[in-house]
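Have a look at the structure below before the remarks.
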Amino acid sequence: MRIVIVTFFVLAVAGCSRDKSDASSAWRSVAEKDLTEVQAGQRAVAVAARDALFERLSARLTAVVSKDGPAAAIAVCQSEAPTIAETVGREKNVRIGRTALKLRNPKNQPPEWAASTIAQKPGNPVFFAGPEGKLGTLLPIRLKAQCLTCHGPAETLPPPVRAALSERYPSDQAVGFAEGDLRGWFWVEVPPAK
């Protein structure tokens, strides 16, 4: 009986591992110039979703910073940004989020299909053909001057921002950037075209 249980456990773990690697291997990189007409349509949906998320998040951050100061933006990114991304995802019928190599929020891990690609730090959009006709894309995020208040060199951050980061993100890695630096990526998964 013990051998049967151990054997079952080993097979179950191996099956889970295989399923996970099979899921990521179901995605393949596609050059933008090689996108099919259907994939080009999906690309347009992904870019529109990215633009909507960027605009809404930027507007919310600008409003909070002008009213309550830059330290308040930290709370917006932590608690409101995921909700804004979910709302945009529902409206555009996509899955969407943000990720980076130097994470601030550990919940912003990349989707499995993108993990190995972000390690290469692509500075241009990257596309992936997924299972059942899905399209995935990584769209670079470059820092603007106003972003440096929270993402610039640690020694230049205003004390209230440093305090907010220390409280909300004790393992923060997302500082030390300069204007124009690659901060991370928007990732978008678009379902198959109907």
Restricted to region 51-71, and to residues that are aliphatic (A, V, I, L, M) and surrounded by 17 or more Cβ atoms within 10 Å (Cβ to Cβ), which residue is nearest to Leu165 (Cα to Cα)? Ala71
Go through region 160-189 residue by residue and tally those that are free of Cβ contacts under 8 Å to residues at least 40 places away in the same chain, charged (D, E, K, R) and part of a loop (DSSP other than H, G, I, E, B). 2
If only one of Ser24, Ser17 is assigned to a helix (DSSP H, G or I), surrounded by 13 or more Cβ atoms within 10 Å (Cβ to Cβ) and at pLDDT below 95, which one is it? Ser24
Return only the number of the condition from (1) in contact with a Lys or Arg (Cβ under 7 Å, 6 or more places away or on another chain); (2) surrounded by 18 or more Cβ atoms within 10 Å (Cβ to Cβ) that Gln78 does not satisfy. (2)
Only one of (1) touching a residue at least 60 places away in the same chain (Cβ under 8 Å); (2) more than 14 Å from Glu189 (Cβ to Cβ); (3) in contact with a Pro (Cβ under 7 Å, 6 or more places away or on another chain); (4) not β-branched (Val, Ile, Thr) fails for Gly123. Which number is that? (1)
When you look at Ala48, is it of a type in the set (A, V, I, L, M, F, W, C), farther than 27 Å from Ala154 by Cα, touching a residue at least 60 places away in the same chain (Cβ under 8 Å) and surrounded by 13 or more Cβ atoms within 10 Å (Cβ to Cβ), yes or no? no
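For every residue, the table says whether it meets (1) under 30 Å from Thr36 (Cα atoms); (2) among the acidic types (Asp, Glu); (3) at pLDDT below 95; (4) buried (at least 20 other Cβ atoms within 10 Å of the Cβ).
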{"residue": "Lys92", "(1), (2), (3), (4)": "yes, no, no, no"}
{"residue": "Gln109", "(1), (2), (3), (4)": "yes, no, no, no"}
{"residue": "Thr117", "(1), (2), (3), (4)": "yes, no, no, no"}
{"residue": "Gly133", "(1), (2), (3), (4)": "yes, no, no, no"}
{"residue": "Arg142", "(1), (2), (3), (4)": "yes, no, no, no"}
{"residue": "Glu179", "(1), (2), (3), (4)": "no, yes, no, no"}
{"residue": "Leu182", "(1), (2), (3), (4)": "yes, no, no, no"}
{"residue": "Trp187", "(1), (2), (3), (4)": "yes, no, no, yes"}
{"residue": "Lys194", "(1), (2), (3), (4)": "yes, no, yes, no"}
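The values are calculated or read from the model by the stated rules, or taken from the named source; none is laboratory data. Everything quoted here is computed from the prediction, not taken from an experiment. Note that we place each Cβ from the backbone using ideal geometry, even for glycine, and neighbour counts take in every protein chain shown.
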